[in-house]
Amino acid sequence: MKHWLFKTEPSEFSIDDLRRSPQGTAPWDGIRNYQARNLIRDEMAEGDRVLIYHSSSDPTGVAGTARIARAAYPDHTAWDPKSDYYDSRSKPEAPTWFMVDVRFEERFAGLLTLVAMREIPALREMIVLRKGMRLSVQPVTAAEFEAVVRHARALGKAAGG
DNA sequence: GCCAACGTTGGC
DNA sequence: GCCAACGTTGGC
């Protein structure tokens, strides 16, 4: 089983939006980057664990966890001229872009912020902490995943939750 | 709102 | 195939 981090802007689609989706499950559409596409198409499998990261928010950080609920299938929003994610290069008979479905698992009592993550030695190598790292879906190690969850839950307790 | 970092595009 | 220009991401 692999572990991932998915970025999302909470003003567009937050972990609460995921939780409120039918069966807590939603397609992760609109990824239009080849490196991310390759990870989605070639590496992700049903059951993989996912950290949901809120970007472009105040503060930014990991909001909770999810699972890959369905392995890669064509991102049909690329075929819809009315979609923000339309891309004429992608055809139904030869899809360029792919997506997975993600199922809500846990919402942390508070965000484990990027600032806090930088203070955690176990996360020193984490991709999301690297300067200029823009990849919107990233691999994380099992150890990093567990460290994020452990610290995030401790935050909740400290806050009285 | 700024701007560094990065990916993509397109002229040559 | 190089690389400058451009657009986007995303932390600050």
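Axis of helix A:142-158 versus longest Cα principal axis of chain A: the two differ by about 50°, to the nearest ten degrees. Counting only aspartates and glutamates at least 8 places from A:Lys2 when in the same chain, those with an alpha carbon closer than 18 Å to its own are A:Asp42, A:Glu43, A:Glu46, A:Asp48, A:Asp101, A:Glu105, A:Glu106, A:Glu125, A:Glu144, A:Glu146. Using only the C-alpha atoms, the convex hull of segment A:3-158 corresponds to 116 Å³ per residue. Here A:Lys82 is the anchor, and the lysines within straight C-alpha reach of less than 26 Å, apart from those fewer than 8 places off in the same chain, are A:Lys7, A:Lys91. The residue among A:Val137, A:Gln23, A:Pro95 whose Cα reaches farthest toward the positive pole of the charge dipole of chain A, with charges on the beta-carbon of Lys, Arg, Asp and Glu, is A:Val137. Heavy-atom accessible surface of chain A, averaged per residue, reaches 54 Å², computed with a 1.4 Å probe.
Considering helices alone, the calculated mean residue ellipticity of chain A at 222 nm is -6500 deg cm²/dmol, with DSSP H runs of length four and up weighted by -39500 (n - 2.57) and normalised per residue. Annotation: the antiparallel percentage among DSSP beta bridges lying fully within chain A is about 80. With all protein chains in place and a 1.4 Å probe, the accessible surface of chain A carries 49 percent carbon and sulfur.
The values are calculated or read from the model by the stated rules, or taken from the named source; none is laboratory data. In this text, all values refer to a predicted model and were calculated from it rather than measured experimentally. Heads up, the Cβs are rebuilt from the backbone with ideal geometry, glycines too, and the neighbour counts pull from every protein chain shown. Just the protein is used for accessible areas: all its heavy atoms, side chains included, with ligands, DNA and RNA removed. Shrake-Rupley method; radii C 1.70, N 1.55, O 1.52, S 1.80 Å.
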